[in-house]
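Read the structure below first, then the notes.
The values are calculated or read from the model by the stated rules, or taken from the named source; none is laboratory data. Just so it is clear, the model here is predicted, and its values are computed rather than measured. So basically every Cβ, Gly included, is an ideal-geometry build from the backbone, and we count neighbours across all protein chains shown.
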Amino acid sequence: MTAVPNIFSSDPTVTKEIVLLLTQDGLCPRCVLRFLGAGDVGLFRATSEELAQKVKSLVDDQDDIFSPLPCPACLGILQVYLEEGFLNRVVEAVRTSDHQFKNFICSLTTPVCSLLREHAILLLLKEKFKSLYEHREVEEISSVKDVWKWRSGPLLAAALDAPFELKSKFDIILNFTYEKSDKECTFLSYHSPEVFRKRKQQRSYGDTYTRANVARVLSKMTEGYFKRNYSLPKSNETNVCLCEDIRCVHDAVFVAGRYNKYSRTLSQTPWILDGGRKSESSVEEEICGPLKKKFLFTEQRFSSSGREDVDVRMLGKGRPFVVEMGDPHRVRLTPEDLAEIQQEINKSADVKVRDLQIVEKNDINKLKEGEIEKTKTYSALCWSKEPLSQEQLQKLQEVKDLVIYQKTPIRVLHRRPLATRERVVYSMSAEKVDDLHFTLNLLTQAGTYIKEFVHGDFGRTTPNLGTLTGVECDILELDVQSVELDWPPSLGDT
Amino acid sequence: MADDNQQHDFEGSKRLLESEHPSLVDRYYQSRYLIDSQSKKNEDICILTHSNRICIVTVAEWHPLLREKKTISQISYDVEGVNRMDNKISGKGKRGAQLLTPSSPLCEVTCTDSSKYIITCGVRGQLIEVNETLLKSPDLLSLKPQTEGYIAIVLPKLGDFEGTTKNLLSKDEYIKIRSSGT
């Protein structure tokens, strides 16, 4: 009768031989159990001492089968990194990071060479215990990551007073590194050099050998080639992982709303050129400032349904926007909290916000829908070289669904590709202001360059107001009156 | 809550309405000049430079074409063995653009009195586009030399804008030289 249920071998004599073979190579109790085929979460919840006892019972309670050195299979992850000392370090790191969370998960990154180790041990077992292991895949062996989580999950949950939840938005990331990992993998690049082509710029340490490409090569490599070119490194005090990096990250939280811009000197996003600011603040910063004070995030990404120039006002119900708040340290915010943030933002004379609300990540697509399909209405203060008659202004009103062709405006040609865009001006109306000035109201397709439609951009937008009236025109001021997008949902703000 | 200024803020616009109207070119472009292009007397070109470093090559008012009020019969972008119409660029980086130097010929202008003029580039950079409207309406060059009658758009490389424009004359310098009767 085995003390360990559900392992590959049902013969205690064979089990004993397997254990002795593995412990001879220095494997720790948990790794021995893994390669025996154990996969019960309950089993792996036990302490290191209990598990050592269990394994010893499989070899008639022989003493001293376990090496005091780091295990070559898990490189210490299932040994020292499951002890109280390390788990306390993790708890301490979480407390220091000062995140608000209701549950958590742990993500581990393990050294890439552990793939080679697992492969080597499995091949050894296939060779010595053919009938038992011949058809075993590495996926049938419980992974180091899973075993680590099975043991530490409940312990951390108790210490943090929050449950361990697979779908949690709060991630405690443990990065286990092993400096000799790349060196161990180099023999792979002789076998498959095309897989490990060094890129022009190596983005970060350990970029050449990734789990993905190492796994791919191992699956193509013959057992013979592997055995000839790789052997499990001998256990050694220094052959252990380091975990210098414990990082806590909360999933991004998304806030949406609509903004108005009343200033003609405020850019939408921070405008920095040649090391100096071109605009003192920005719509993005006016909105994100108060948000950051409450959500305590580290990164922000501001998206909106289209954009207006610095010198253009955004009137009407405002332009829909979404702020992605990366790694927010505070997440338990109520609609009342959001209303407070909105009030804070609205203290600004230049920017006003409405319908501020938390939304889901997928909702960002709704924002971009508006950019292509929807219509926009504008109001422009225009100048004409000669006075326009009432008839000429009336004629503009009769224009319906006018197709115009706009080459990339010269003012953005330095950073956009040269192209001709077909756009539609659905309708217009004009009111005289004085002899040489009039207000032009337009309803156009999204993506129409209004300024260029008015002044013609050296004739590169045709037809344009100049060709329609027969008189040279120019634009003095532009306001966006509305952005036709029914999102985010109105909160009934006045 | 939000105070929506639906109407035009006429207090702010009043200033605009009362002042003289600076043209599109005046507002966004600096006019720079190249005198006697290719050592041809009086064949001046005017380069309109935008703050984003784009250069628009135009014919200056002093050029015989405009000064002598010539009638243009045709404009061709196939000049001195290069066809500017073959210019095909793609992407933000304007790959495939013909590379121009100050002496690169852009087009050949033929007049009804049989005189011909070659307009050269004046700056170094990538050819973005030539004004194809001039093919069908060459008179635009005489009518609106500084706007619809432009010759070509050139984009100097990032970092080269200063270098390639420093030898061009500013408007003030140019006026001084040309008004002293030379």
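Of everything in region A:466-475 that is within 14 Å of another protein chain (Cβ to nearest Cβ) and crowded, with 18+ Cβ neighbours inside 10 Å, the residue that is nearest to A:LEU396 (Cα to Cα) is A:GLY466.
For every residue, the table says whether it meets (1) of a type outside the set (Phe, Trp, Tyr); (2) touching a helix residue (DSSP H, G or I) at 6+ places or on another chain (Cβ under 6 Å); (3) assigned to a helix (DSSP H, G or I); (4) free of Cβ contacts under 8 Å to residues at least 12 places away in the same chain.
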site	(1), (2), (3), (4)
A:LYS56	yes, no, yes, yes
A:PRO68	yes, no, no, yes
A:PHE101	no, no, no, no
A:ILE105	yes, no, no, no
A:ARG151	yes, yes, yes, no
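Of the helices (runs of 4 or more DSSP H) lying entirely inside region B:95-182, those containing at least 1 residues that are within 11 Å of chain A (Cβ to nearest Cβ) and not charged (D, E, K, R) are B:133-136, B:139-143, B:161-165. Put simply, of A:GLY456, A:GLY447 the only residue that is in contact with a Leu (Cβ under 9 Å, 6 or more places away or on another chain) and either at pLDDT 95 or above or not assigned by TED's automatic domain parsing to the domain that holds A:ILE358 (or both) is A:GLY456. Of all residues in region B:23-34, one or more are buried (at least 16 other Cβ atoms within 10 Å of the Cβ), facing chain A (nearest Cβ under 8 Å) and modelled with pLDDT under 90. Scan region A:215-248 for residues that are without any contact (Cβ under 8 Å) to a residue 12 or more places away in the chain and more than 30 Å from A:ILE172 (Cβ to Cβ) and the total you get is 4.
Conditions (1) loosely packed, with under 12 Cβ neighbours inside 10 Å; (2) out of contact with any Ser or Thr (no Cβ under 7 Å at 6 or more places or on another chain), marked per residue:
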| site | (1), (2) |
| --- | --- |
| B:ASP86 | yes, yes |
| B:ILE89 | no, yes |
| B:SER104 | no, no |
| B:SER114 | yes, yes |
| B:ILE118 | no, yes |
| B:GLY122 | no, no |
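Test A:GLY42 against the criterion of being free of Cβ contacts under 8 Å to residues at least 12 places away in the same chain and more than 22 Å from A:ASN175 (Cα to Cα), and give yes or no. Yes, satisfied.
Kindly indicate whether any position in region A:312-322 is β-branched (Val, Ile, Thr) and part of a strand (DSSP E or B). Within region A:312-322, one or more residues are β-branched (Val, Ile, Thr) and part of a strand (DSSP E or B). Within region A:274-294, no residue satisfies the criterion of being within 12 Å of chain B (Cβ to nearest Cβ) and modelled with pLDDT of 95 or more. In the set (1) surrounded by fewer than 17 Cβ atoms within 10 Å (Cβ to Cβ); (2) closer than 27 Å to A:VAL471 by Cβ; (3) modelled with pLDDT of 95 or more, B:LYS171 fails one condition alone, (3).
Check off (1) outside the structural domain of A:PRO233 (by TED's automatic domain parsing); (2) assigned to a helix (DSSP H, G or I); (3) under 40 Å from the mean Cα position of the chain (by Cα) for A:GLY39 and give me the number that stays unchecked. Among (1) outside the structural domain of A:PRO233 (by TED's automatic domain parsing); (2) assigned to a helix (DSSP H, G or I); (3) under 40 Å from the mean Cα position of the chain (by Cα), the lone unmet condition for A:GLY39 is (2).
Right, B:LYS41: exposed (fewer than 11 other Cβ atoms within 10 Å of the Cβ), away from every other protein chain (no Cβ under 14 Å) and either on the phi < 0 side of the Ramachandran plot or modelled with pLDDT under 90 (or both) or not? The answer is yes for B:LYS41.
The residue that is surrounded by the fewest Cβ atoms within 10 Å (Cβ to Cβ), among those in region A:232-273 that are modelled with pLDDT of 90 or more and in contact with a Gly (Cβ under 7 Å, 6 or more places away or on another chain), is A:ALA252. Against the test of being in contact (Cβ under 8 Å) with a residue 12 or more places away in the chain and touching a helix residue (DSSP H, G or I) at 6+ places or on another chain (Cβ under 9 Å), the options B:LYS94, B:LYS69 yield a single qualifying residue, B:LYS69. Filtered by the rule that a residue be touching a Pro at 6+ places or on another chain (Cβ under 9 Å) and closer than 22 Å to A:VAL249 by Cα, region A:154-184 gives A:ALA157, A:PHE164, A:PHE176, A:THR177. Quick check on my filter: what residues within region A:469-494 are more than 25 Å from A:ASP309 (Cα to Cα), in the same structural domain as A:LYS385 (by TED's automatic domain parsing) and either at pLDDT 95 or above or in a loop (DSSP other than H, G, I, E, B) (or both)? Across region A:469-494, the qualifying residues are A:GLY470, A:VAL471.
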